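K.L.:
Can you keep this structure in mind? I'll have questions shortly.
Every number in this text was worked out from the coordinates using simple rules, so none of it is lab data. These numbers come from a predicted model, not from an experiment. Methodologically, a virtual Cβ is constructed for each residue, glycine included, from the backbone with ideal geometry; neighbour enumeration extends over all protein chains shown.
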Amino acid sequence: MRLTFFILIFILFVSLIGNFFLFFRNPSSGIANIADLKKQYPLIAQRALLRQNSNTSNDLITNILPLRTEIHKIIDPYKDSFALYFEYLPTGTSIGINEDSEFTPASLLKVPVVMAYYYKKERLGLIMAPMVTLTPSELNTRFGDFYKKGAGQSVSLDEAAKLAIEKSDNTASLVLADYISDDDYRYVQEGLDIPLDLKGKAPIITAQQYSSILKALYISSILNKDDSQEILDLLSHTDFHDMLPSGIPDGVTVAHKIGLIDEQIYNDCGIVYVPRRPYLLCMISQSDSTTAKSRMKMVSKTIYDYVAGYR
């Protein structure tokens, strides 16, 4: 009788240990799994990884009024020559100054072109990068060196996507635009809050509208998580550090894209990955280069200091 009792106790103990282990290993628990997912997709929103509410604290900021006041002090003297849209991503709380002012996004539009390319790869189930032949009409010397490969050369579209983002290369972007179909681009466009036109007259959008491109990547709402993560990773390795990133300390990831028009309008929009407090920032300065860089650095630093230092 006593032996049977101890056997039952042993079985119960083993069962409890097993259930405890399974609980912490079960992806549905959201405990062990979220850490693994964040390692695999560090630039994707946690809510997009689990597609459900998480108990993990974002150390939420509940009061941005002091930040709003400070930003106005900096930007108001610029009048309508500067536009800004800020969004604190854990809650969606935002600050806008001239955020509805329309501007030509220029190279910022390379991001949805790259997104449409990745979407086409997803749609066709492509694993290997397609190869295409450069045409004379695709060679553009204004920004980037991809044109130096020359017409008639075979190039990888994955390489073109990388250069279009990291180097803002015009030739690379044109190669991608010729490869994707209007339907591919329309699919991406319909998932965004902006009026885009792939060919023809350049579109006019606002800082707030452009933010929908970055948010679509952040929450993986258009592309799958792997492709969204890959594009955000490309955006975090761009060659341009003298505007939005210049106000951010080294070591903090910034996934962003710049644009400029005739050295008179400078744009920089991105996601700043402050630990547990990521935010989106889009800035447009109608000015010379030196003025634009000075303005953006000051605004970017002010926002970062507030978000990172909030208690």
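K.L.:
What is the gain in length, in nm to one decimal, between M131 and K148 on full extension, counting 0.36 nm per residue of separation less the C-alpha to C-alpha distance?
P.N.:
Result: 4.4 nm gained on full extension.
K.L.:
Sticking with this structure for a sec: Using Cβ counts within 10 Å as a stand-in for footprinting exposure, how do T253, T69, T104, T135 rank, fewest first?
P.N.:
The most exposed by this proxy come first: T69, T135, T104, T253.
K.L.:
Hey, fewest Cβ within 10 Å first, where do D268, D226 land in order?
P.N.:
With the sparsest Cβ surroundings first, the list reads D226, D268.
K.L.:
Then there's this: Can you tell me the equivalent ellipsoid semi-axes for the range 124-219? Use √(5λ) from the Cα gyration tensor, largest first, whole Å.
P.N.:
25, 16, 13
K.L.:
How big is the Kirkwood radius of the range 205-311, worked out from every pair of different alpha carbons and given in Å to one decimal?
P.N.:
Over the range 205-311, the inverse of the mean reciprocal pair distance is 14.2 Å.
K.L.:
Pairs K120/K162; K38/K215; K79/K257; K39/K301: which exceed 19 Å Cα-Cα?
P.N.:
Among K120/K162; K38/K215; K79/K257; K39/K301, the Cα-Cα distance tops 19 Å for K79/K257; K39/K301.
K.L.:
Once you place label points 7 Å from the Cα toward the Cβ at K39 and T291, how far apart are they in nm?
P.N.:
Here the answer is 5.0 nm between the modelled labels.
K.L.:
I want to verify the translational diffusion coefficient of the range 249-311 in µm²/s; compute it with Stokes-Einstein, Rh as the Kirkwood radius over Cα pairs, at 37 °C and 0.692 mPa s.
P.N.:
It comes out at roughly 265 µm²/s.
K.L.:
Here is a follow-up. In nm, to one decimal, how far is the M298 label point from the H237 one, both placed 7 Å along Cα→Cβ?
P.N.:
3.5 nm
K.L.:
A follow-up question, please. Using the alpha carbons of the range 52-169, what is the convex hull volume per residue in cubic angstrom, as a whole number?
P.N.:
Cα-based convex hull of the range 52-169, divided per residue, equals 184 Å³.
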